[in-house]
């Protein structure tokens with residue numbers, strides 16, 4: 001299912017690129033580009049089902065909050081642990097479509113287990129299956145884009161990725177919210193398993209011969225695609241380390257905002273909480289879908305750093321506004337601001353990493369390291385914010401998250417370099 005573009009005639013849908021590290025020309029077919037669009041859409045569909053809907057379903061099935069928290073923590077820890085090894089695997093394996101196909105199958109299996117056998121140990125197994133795919137799917141999708149279009153056109157490709165990802169998340173949140181409200185809640189997970197089928201269809205539409213393996217891992221020499229920088233060289237990459245720190249602080253501040261808001265919502269306004277929760281997921285995704293391509297364009301004209309500062313700055317604003325939200329549906333309005341952050345961070349993260357590790361052959365490993373940092377930040381956030389809210393009130397919880405968000409913004413302001421190169425702005 002894998003392959004390299006330089007092993008096939010240009011007339012079959014692509015043009016053999018120049019040196020992979022230099023961002024040579026690439027002309028993937030419209031079918032492959034469309035296939036990657038819809039793959040992002042349907043993978044977002046199936047991933048959305050493992051979000052807040054798991055907790056809603058298990059609570060309705062009589063699980064205690066402690067049991068729900070434990071199985072969700074198992075899934076989160078598995079996802080975090082899979083990030084760096086998953087990135088290494090995506091770098092090493094040429095058949096990236098096969099990796100994604102296996103991951104989709106594991107997600108479908110996990111969804112069916114939760115729907116059919118919602119006992120503690122089997123749901124824990126399902127969470128492990130789902131979590132183990134986290135380190136593969138996200139870097140593999142970005143890697144497919146880089147392998148298809150090259151570095152110079154990567155910002156535009158990532159903008160398309162994020163637009164379809166956001167549309168999938170938003171539409172599926174609405175669908176699953178309605179299903180959970182009006183039908184048996186386990187139907188949500190049958191729907192997740194079913195949505196894996198169109199994801200496989202979209203994956204098959206991508207022509208593996210058009211994915212240049214050297215370019216997909218950002219190797220310096222196309223003739224020697226497995227040659228890569230030493231690990232210690234990445235450890236000395238100051239810009240990369242600063243960016244990882246910014247992402248960790250951002251996720252520490254961001255990960256618990258919606259869970260805290262949803263917890264307060266369930267406590268104060270239990271009726272209709274599923275619909276409000278669905279709205280809090282769907283509305284920002286719609287905003288992100290609308291602006292993702294614009295963000296990608298501005299990344300080439302303005303540079304990466306100004307957009308990152310905007311994305312980081314929205315977080316503390318949202319956190320403060322959540323302390324003031326007077327009604328359930330006002331939370332949806334406030335959460336719409338997350339669409340700006342989601343679009344900026346979603347597009348900029350794989351793009352800035354591609355800039356910082358260009359030519360190292362470690363692109364997907366670096367994405368895995370970033371994913372690990374994000375997972376650690378999220379884990380710390382959910383572990384600590386709940387205790388803060390329990391001991392000092394929800395306002396203290398929100399303000400604490402705002403302070404962490406400001407710390408991430410400060411680090412980016414003082415230490416994050418601009419990573420855009422001139423040639424990146426010539427081929428959006």
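Every residue, every condition in (1) touching a strand residue (DSSP E or B) at 6+ places or on another chain (Cβ under 6 Å); (2) within 12 Å of residue 420 (Cβ to Cβ), yes or no:
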| site | (1), (2) |
| --- | --- |
| 298 | no, yes |
| 306 | no, yes |
| 309 | no, no |
| 314 | no, no |
| 332 | no, no |
| 342 | no, no |
| 348 | no, yes |
| 361 | yes, no |
| 364 | no, no |
Within segment 86-197, helices (runs of 4 or more DSSP H) holding 1 or more residues that are more than 18 Å from the chain's Cα centre (by Cα) and at pLDDT 90 or above: 96-116, 120-132, 134-149
Search result, residues across segment 284-321 that are buried (at least 24 other Cβ atoms within 10 Å of the Cβ) and more than 15 Å from residue 409 (Cα to Cα): 284, 285, 288, 292, 295, 296, 299
Checking residue 222 against (1) modelled with pLDDT under 85; (2) in contact with a helix residue (DSSP H, G or I) (Cβ under 8 Å, 6 or more places away or on another chain); (3) surrounded by fewer than 24 Cβ atoms within 10 Å (Cβ to Cβ); (4) in a helix (DSSP H, G or I), the condition it does not meet: (4)
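If we scan segment 337-360, do we find a residue that is more than 15 Å from the chain's Cα centre (by Cα) and more than 19 Å from residue 153 (Cα to Cα)?
There is at least one residue in segment 337-360 that is more than 15 Å from the chain's Cα centre (by Cα) and more than 19 Å from residue 153 (Cα to Cα).
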Search result, residues across segment 30-54 that are touching a helix residue (DSSP H, G or I) at 6+ places or on another chain (Cβ under 9 Å), modelled with pLDDT of 85 or more and surrounded by fewer than 21 Cβ atoms within 10 Å (Cβ to Cβ): 31, 33, 34, 37, 38
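The values are calculated or read from the model by the stated rules, or taken from the named source; none is laboratory data. The structure presented is a predicted model; accordingly, all values stated were derived computationally and were not measured. Cβ atoms come from the backbone with ideal geometry, glycine included; neighbour counts cover every protein chain shown.
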